[in-house]
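**Q** Have a look at this one.
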Amino acid sequence: MKKIIIFMLLLLPFNVQARSVTVMDMDTKRVIYQENQSDVRLIASISKIMTSLVALNNSKDINSIVTINDNILKSFGSGIYIEVGEKISLDNLLYGLMLRSGNDAAIAIADYIGGSMDGFALLMNETAKNIGMKKTNFINSSGLENELGEGNTSTSYDMALLMSEAMKNDTFRKIVSTKKITVKTNYKTYLWHNKNKLLTNYKYCTGGKTGFTEKARRTLVTTASYKNMNFVIVTLNDPNDFLNHENLYEKYFKKYKSYKVLNKNKENFNNENYYIKNDRYLTLTKEEYKNIKKEVYLYDKNISDVVGYVTIKLNDDILVQENIYEKEIILKEEKLSLFDKIKNFFKR
């Protein structure tokens, strides 16, 4: 009887209390669920996803040593409690930033990478523009509001795009999936545990970042993977975010499935010399899978081994596009007639 009750409860709809939420397939950037995903809101410390990505993209050596200056004395709120004069590697600062949401680490990173907070904010906004985050603005590396109440603003959709991009970086992915780490500097030894509870409590979680200020309230970005499906969930101003994220993952992992839509070993495009280099998968419902369409486009002329491309569409939206290549044909000259050899010479 108890099992039946639990099963029935799982079937009941749940209400996500977030002011804004986006569930996105990270592989295709396709939104599979959203509420108010375009609403611009304060985002608090999930800003540090961008801080981390900018640092990784603009550092020559992730193991370089950063000497902490007195700008960290401006830090307040959550911190890793580094001190002026302390020497710590950039990668360890990133662990402190992402696991403990260190605002002092955010200041130190901005100074080291951007030369100043303003300089670093310019890099953040430039990166946001390149990713396609059209409703996002960063003024600092931490996500804290200033004395005027102004802070970093974005949408749940834009932040889902950002996390999808950041998770392509191997170092970023390693950092946000770390549950705890011990770090040593010239001053002391730290033991940091990740504030993302979902990383410990939900077995499919692969990373994320928490956030909170009095004005923004609770903000949360998490990622999870199951049976070749990779989702990111963003909630803004959600008082019950961890539970809601887990429930959303469970709901959409059950509703969707990863289908192989292009098979590199079977596609020949009516020509045995044509091929594609990669298998491609799509996360779809059963009904969507029935409605996808494959379309092949071959060029009339080409000057490379790319002879065209193949797309997979759903409702006229291109979800996958893959180049079609032509195999290099090596002619054995010794088997050719003199006439064919002369002809091939002039063709070359």
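The values are calculated or read from the model by the stated rules, or taken from the named source; none is laboratory data. Here the structure is a predicted model, which means the values were calculated and not measured. Virtual Cβ from ideal backbone geometry, glycine too; neighbours counted across all protein chains shown.
**Q** Being crowded, with 22+ Cβ neighbours inside 10 Å and more than 17 Å from the chain's Cα centre (by Cα) is the requirement here; does ALA108 meet it?
**A** Details: crowded, with 22+ Cβ neighbours inside 10 Å: yes; more than 17 Å from the chain's Cα centre (by Cα): yes.
When the stated conditions are applied, ALA108 passes them.
**Q** Applying the selection to the stretch 54-63, what residues are surrounded by fewer than 24 Cβ atoms within 10 Å (Cβ to Cβ) and in contact (Cβ under 8 Å) with a residue 40 or more places away in the chain? Break it down into steps so the answer makes sense when it comes.
**A** Taking the stretch 54-63 first, the residues surrounded by fewer than 24 Cβ atoms within 10 Å (Cβ to Cβ) are 56-63.
If the condition is that a residue be surrounded by fewer than 24 Cβ atoms within 10 Å (Cβ to Cβ) and in contact (Cβ under 8 Å) with a residue 40 or more places away in the chain, then LEU56, ASN57, ASN58, SER59, ILE62 are the ones that fit.
**Q** Six or more apart or on different chains, Cβ atoms under 6 Å: show the pairs whose first residue is in the stretch 18-41 and closer than 15 Å to LYS251 by Cβ and whose second is in a loop (DSSP other than H, G, I, E, B).
**A** The qualifying pairs are ALA18/ASP238; THR22/GLN37.
**Q** Kindly provide the set of residues from the stretch 128-159 that are part of a helix (DSSP H, G or I), closer than 17 Å to ALA216 by Cβ and hydrophobic (A, V, I, L, M, F, W, C), ordered by number.
**A** MET159
**Q** Something else: Any idea which of ASN169, ASN196 is closer than 15 Å to LYS48 by Cβ, surrounded by 24 or more Cβ atoms within 10 Å (Cβ to Cβ) and assigned by TED's automatic domain parsing to the domain that holds ALA44?
**A** On the way: ASN169 fails: surrounded by 24 or more Cβ atoms within 10 Å (Cβ to Cβ).
It is ASN196.
**Q** Among the residues of the stretch 281-333, how many are surrounded by fewer than 11 Cβ atoms within 10 Å (Cβ to Cβ) and among the hydroxyl-bearing types (Ser, Thr, Tyr)?
**A** Final tally of qualifying residues: 1.
**Q** So is SER164 of a type outside the set (D, E, K, R), within 25 Å of ASP91 (Cα to Cα) and in a loop (DSSP other than H, G, I, E, B) or not?
**A** Spelling it out, it is not the case that SER164 is of a type outside the set (D, E, K, R), within 25 Å of ASP91 (Cα to Cα) and in a loop (DSSP other than H, G, I, E, B).
**Q** Restricting attention to the stretch 238-260, report how many residues are surrounded by fewer than 19 Cβ atoms within 10 Å (Cβ to Cβ) and either closer than 29 Å to LYS290 by Cα or in contact (Cβ under 8 Å) with a residue 60 or more places away in the chain (or both). Walk me through it before giving the result.
**A** Within the stretch 238-260, the first condition is being surrounded by fewer than 19 Cβ atoms within 10 Å (Cβ to Cβ), and the residues that meet it are 239-240, 243, 247, 250-251, 253-255, 257-260.
This time we only want the ones that are either closer than 29 Å to LYS290 by Cα or in contact (Cβ under 8 Å) with a residue 60 or more places away in the chain (or both), so: 239-240, 247, 250-251, 253-255, 257-260.
The qualifying residues number 12.
**Q** Wholly within the stretch 196-287, which strands (runs of 3 or more DSSP E) include no fewer than the required count, namely at least 2 residues that are under 22 Å from THR155 (Cα atoms) and in contact with a helix residue (DSSP H, G or I) (Cβ under 8 Å, 6 or more places away or on another chain)? Walk me through it before giving the result.
**A** Values: elements: 205-213, 217-226, 229-236, 257-262, 280-284.
Strands (runs of 3 or more DSSP E) meeting the threshold: 205-213, 217-226, 229-236.
**Q** Is there any pair linking a residue in the stretch 83-99 that is of a type outside the set (A, V, I, L, M) to one that is in a helix (DSSP H, G or I), with Cβ under 6 Å and at least six apart or on different chains, and which?
**A** Listed by first residue and then by second, the contacts come to TYR95/ILE175; GLY96/ALA105.
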